[in-house]
Ligand code: URA
C-alpha cells in the first residue's frame with residue numbers, strides 16, 4: 001500500500017522501461033540508458049507544480065506575456081553513488097539546475113550512516129531541492145541525507161527514487177513527513193540483506209558493471 005506522501009508514476013512508458021531494467025539479462029549500458037530515460041519522465045512529474053511567472057516575450061510578430069519558471073534555480077541533490085544515474089537524465093531536462101552531492105556509508109558495527117562527502121549549492125533556503133537515489137530500501141541513508149540538506153538550510157524538498165520498499169517509505173516518511181516521495185514503483189518487501197524484492201538488484205553495480 002502506497003503511503004499518503006507518495007506518488008507512484010504509473011505511466012506505461014515508465015513501467016515498461018522499469019520492467020526491462022529489472023531483467024537480470026539487461027546489460028549495463030542498456031540499464032544506464034533506461035535509467036536516464038525514466039529519470040526524464042520522473043523529472044517531468046516532480047517538476048509538475050513548479051511556479052511560473054508571466055514575462056514579456058518578443059516573438060517575430062509581437063510582444064506577449066508568456067510563462068517562465070519563477071524564483072531561484074532548482075537544485076538536484078544526488079545521493080552517491082547510484083543517485084548519479086537519476087541525476088544525469090534530470091539535468092538533460094533542467095540543464096540550468098544547481099547540483100549537490102551527499103555521500104554516506106553505513107558503519108558496519110553501529111549501522112549509523114556516516115557522511116564522507118557533502119557539497120551543496122548556496123541559498124538552499126530559496127530553492128526547491130530534489131533529492132535523488134534510485135532505491136529507497138530501509139530509508140535510513142535517504143532520511144540521513146535529507147536531514148543534512150535540511151541542516152544546510154533547505155526548506156522545500158522532494159525525494160525521487162525508482163523503486164521503494166514499504167519499509168523504506170514508512171521509515172522515511174516518519175522522519176520527514178514534509179518531504180513528498182515520487183517513485184516509479186513500490187515493491188513487496190526487503191530481504192534479510194535489505195535488498196528490495198522483487199527489485200532489480202544493486203542499482204549501483206548494475207549501472208557501473210561492478211560487483
Ligand atoms: N540498494 C540497491 O541498490 N538495491 C536494493 O535492492 C536495495 C538497496
Pull up the range 152-171, narrow it to residues that are touching a helix residue (DSSP H, G or I) at 6+ places or on another chain (Cβ under 8 Å) and assigned to a loop (DSSP other than H, G, I, E, B), then point me to the one that is surrounded by the most Cβ atoms within 10 Å (Cβ to Cβ).
161
In the range 95-119, anything modelled with pLDDT of 90 or more, in a loop (DSSP other than H, G, I, E, B) and surrounded by fewer than 19 Cβ atoms within 10 Å (Cβ to Cβ) is listed as 95, 96
Residue that is farthest from the ligand (Cβ to nearest atom) [pool: residues in the range 181-198 that are under 17 Å from the mean Cα position of the chain (by Cα) and touching a residue at least 60 places away in the same chain (Cβ under 8 Å)]:
182
Output yes when any residue across the range 69-78 is modelled with pLDDT under 95 and under 18 Å from the mean Cα position of the chain (by Cα), and no when none is.
yes
Candidates 87, 50, filtered to the one that is surrounded by 14 or more Cβ atoms within 10 Å (Cβ to Cβ) and not in a strand (DSSP E or B):
87
Residues of the range 104-136 being within 16 Å of the ligand (Cβ to nearest atom) and touching a strand residue (DSSP E or B) at 6+ places or on another chain (Cβ under 9 Å), in sequence order, are 104, 105, 106, 113, 131, 132, 133, 134, 135, 136
Kindly indicate whether residue 211 is more than 25 Å from residue 48 (Cα to Cα) and more than 11 Å from the ligand (Cβ to nearest atom).
yes
Within the range 172-192, identify whether any single residue is in a helix (DSSP H, G or I), surrounded by fewer than 19 Cβ atoms within 10 Å (Cβ to Cβ) and modelled with pLDDT of 95 or more, and answer yes or no.
yes
Just to be sure before I move on: is residue 139 within 14 Å of the ligand (Cβ to nearest atom), on the phi > 0 side of the Ramachandran plot, in contact (Cβ under 8 Å) with a residue 12 or more places away in the chain and touching a strand residue (DSSP E or B) at 6+ places or on another chain (Cβ under 7 Å) in the structure I sent?
no
Within the range 164-180, residues within 15 Å of the ligand (Cβ to nearest atom) and in contact (Cβ under 8 Å) with a residue 60 or more places away in the chain come out as 164, 166, 169
For the structure I just gave you, tell me whether residue 92 is farther than 24 Å from residue 202 by Cβ, at pLDDT below 95 and in contact with a helix residue (DSSP H, G or I) (Cβ under 9 Å, 6 or more places away or on another chain).
yes
Filter result for residue 127 (crowded, with 20+ Cβ neighbours inside 10 Å, farther than 23 Å from residue 35 by Cα and out of contact with any helix residue (DSSP H, G or I) (no Cβ under 7 Å at 6 or more places or on another chain)):
yes
Residues that are more than 16 Å from the ligand (Cβ to nearest atom), out of contact with any strand residue (DSSP E or B) (no Cβ under 8 Å at 6 or more places or on another chain), without any contact (Cβ under 8 Å) to a residue 12 or more places away in the chain and assigned to a helix (DSSP H, G or I): does the range 144-151 have at least one?
yes
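The values are calculated or read from the model by the stated rules, or taken from the named source; none is laboratory data. Please read all numbers here as calculations on a predicted model, not as lab measurements. Backbone-built Cβ (ideal geometry, glycine too); neighbour counts: all protein chains shown.
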